Amino acid sequence: MVLHVADREELLMSMKPKLRAAFEAELREATEAESRAEPTRAWRHLERAHVLSQAYAVPHLRVHWRMLGFGWRQRDLGELWGQVARLLVAAPGSWLGRAPLGNTGGANVGILTPMPIPDDLRALLDADR
């Protein structure tokens with residue numbers, strides 16, 4: 001059976017529309033902040049996108065790729081290596097429900113460390129269930 005591109009997108013990105021919109025908004029905000037030379041703000045938006053993506057393999061991988069690219073542009077070798085490791089385990093972690101809730105996804109935090117979820121993101125995640 002061959003899936004059409006739209007079918008694959010739906011299968012792999014099964015976030016409800018409100019969560020998906022918030023996820024995409026965080027990625028856009030990260031891009032915009034980085035383009036304004038606001039790396040701290042850009043990173044914060046990538047972390048928020050990561051928290052929203054953890055239950056979904058493809059968005060979860062997408063955030064880690066974005067974090068890898070950010071680390072490359074910042075010339076942060078630790079972040080680069082940390083993201084390579086996370087890219088290897090992100091999809092299986094999502095598929096198996098083993099991604100640590102609230103983890104912000106950067107190399108500066110333990111790969112299996114659960115973290116508090118900001119209230120606004122918690123509301124979006126709860127509504128997605």
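The values are calculated or read from the model by the stated rules, or taken from the named source; none is laboratory data. Keep in mind that this is a model prediction, so the values were computed, not measured. So basically every Cβ, Gly included, is an ideal-geometry build from the backbone, and we count neighbours across all protein chains shown.
One residue is enough: does the range 76-87 have a residue meeting the conditions crowded, with 19+ Cβ neighbours inside 10 Å and within 22 Å of Arg129 (Cα to Cα)?
No, because not a single residue in the range 76-87 is crowded, with 19+ Cβ neighbours inside 10 Å and within 22 Å of Arg129 (Cα to Cα).
What residue, among those in the range 88-110 that are closer than 13 Å to Pro59 by Cβ and of a type in the set (A, V, I, L, M, F, W, C), is surrounded by the fewest Cβ atoms within 10 Å (Cβ to Cβ)?
Among those that are closer than 13 Å to Pro59 by Cβ and of a type in the set (A, V, I, L, M, F, W, C), it is Trp95.
Is it fair to say Asp76 is over 12 Å from the mean Cα position of the chain (by Cα) and at pLDDT 95 or above?
So Asp76 passes the test.
Only one of Asp119, Asp128 is touching a residue at least 60 places away in the same chain (Cβ under 8 Å) and under 18 Å from Leu19 (Cβ atoms). Can you tell me which?
Sole residue among the options that is touching a residue at least 60 places away in the same chain (Cβ under 8 Å) and under 18 Å from Leu19 (Cβ atoms): Asp128.
If I filter the range 16-24 for residues that are at pLDDT 95 or above and among the acidic types (Asp, Glu), do I get at least one hit?
Checked the range 16-24: at least one residue is at pLDDT 95 or above and among the acidic types (Asp, Glu).
Take the residues of the range 21-64 that are polar (S, T, N, Q) and in a helix (DSSP H, G or I): which is nearest to Leu121 (Cα to Cα)?
Going through the qualifying residues, I end up with Ser53.
For residues in the range 96-125 being within 14 Å of the chain's Cα centre (by Cα) and of a type in the set (S, T, N, Q), which is nearest to His45 (Cα to Cα)?
Within the range 96-125, the match that is nearest to His45 (Cα to Cα) is Thr104.
Quickly run through the range 49-75 and pick out the residues that are aromatic (Phe, Trp, Tyr) and surrounded by fewer than 18 Cβ atoms within 10 Å (Cβ to Cβ).
Trp65, Trp72
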